[in-house]
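Asker: What follows is a single structure, and I will ask about it in a moment.
The values are calculated or read from the model by the stated rules, or taken from the named source; none is laboratory data. Model, not experiment: these values are computed from the prediction. Glycine gets a Cβ as well: all are built from the backbone with ideal geometry, and neighbour counts include every protein chain shown. Only protein heavy atoms, including side chains, enter the accessible area calculation; ligands, DNA and RNA are left aside. Shrake-Rupley method; radii C 1.70, N 1.55, O 1.52, S 1.80 Å.
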Amino acid sequence: MTMSPEQYGPLIGVGIALLVILLKGRKPRTLRPQWMWVVPLLITVMIGLGLWGMTYSPTADQSPFGAAEWAMLAVGLVLGGAVGWWRGRMTTIFREADGTLKSRASPLGLILILGLLAGRSLLRGWLEANAAAWHINPLALADAFMVFVVGLVIMQRVEMFIRTRKIQHGERDAHLEFAS
């Protein structure tokens, strides 16, 4: 399987972004639990509007998605939620001496995200070429990856919020005991 020059651009961009994120991720960031809902809400609204725009047509009598396509979206959401929960568990959360909460993302979680992005990019052409033979809607397949991101972001923040609340109430973070 050969890659076209158009496929190199996103891979190079992801590689550069990964390097920047890895370097930036070494430094703990201040965690503000009261604002943890903002990013998941924005991503859910943006991807939800994108899905709605792709599936809704005022002239069509019905949605282009049938039960199989909606099931594919549900699987993407559940798998994204599972990966997000795991990635949230891999994030280190701790309290500074002054009471400020800090978090540091795990490089392993970032490598997982990179692997998923690279896998999606590398498999895209093959999946689209074989979608008809497998009776899969290529649009639903692409949308399943977007819904995966929604599940990932939401569940990562939910897991981090739960752990943050425990730390705020004086409990020791079980993740720190696990990592030691």
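Asker: Sort out which residues of segment 137-176 are under 23 Å from the mean Cα position of the chain (by Cα) and in a loop (DSSP other than H, G, I, E, B), and write them in order of number.
Answerer: ASN137
Asker: Scan segment 104-134 residue by residue and report those that are at pLDDT 75 or above and not in a helix (DSSP H, G or I).
Answerer: Across segment 104-134, the qualifying residues are ARG104, ALA105, SER106, ALA133.
Asker: Using beta carbons and a limit of 8 Å, which pairs, at least six apart or on different chains, have the first residue in segment 11-24 and touching a residue at least 12 places away in the same chain (Cβ under 8 Å) and the second one open to solvent by 60 Å² or more (accessible area, probe 1.4 Å) and assigned to a helix (DSSP H, G or I)?
Answerer: VAL14/LEU117; LEU22/PRO107
Asker: Which of the residues spanning segment 11-28 are open to solvent by 70 Å² or more (accessible area, probe 1.4 Å) and either assigned to a helix (DSSP H, G or I) or touching a His at 6+ places or on another chain (Cβ under 7 Å) (or both)?
Answerer: ILE12, ILE16, LEU19, VAL20, ILE21, LEU23, LYS24, listed by residue number.
Asker: Against the condition open to solvent by 40 Å² or more (accessible area, probe 1.4 Å) and either in a loop (DSSP other than H, G, I, E, B) or closer than 19 Å to TRP70 by Cα (or both), how does ALA97 come out, does it pass?
Answerer: Yes; evaluated as a whole, the condition is true for this residue.
Asker: Looking at segment 82-91 only, could you name the residues that are surrounded by 15 or more Cβ atoms within 10 Å (Cβ to Cβ) and not in a loop (DSSP other than H, G, I, E, B)?
Answerer: If the condition is that a residue be surrounded by 15 or more Cβ atoms within 10 Å (Cβ to Cβ) and not in a loop (DSSP other than H, G, I, E, B), then VAL83, GLY84, TRP85, TRP86, ARG87, GLY88, ARG89, MET90 are the ones that fit.
Asker: Another question, if that's okay. So in segment 100-120, with the set limited to residues that are out of contact with any Lys or Arg (no Cβ under 7 Å at 6 or more places or on another chain) and of a type in the set (S, T, N, Q), which one is most open to solvent (accessible area, probe 1.4 Å)?
Answerer: Out of the qualifying residues, it is THR100.
Asker: Take the residues in segment 121-134 that are under 20 Å from the mean Cα position of the chain (by Cα) and open to solvent by 70 Å² or more (accessible area, probe 1.4 Å); name whichever of them is farthest from MET72 (Cα to Cα).
Answerer: LEU122
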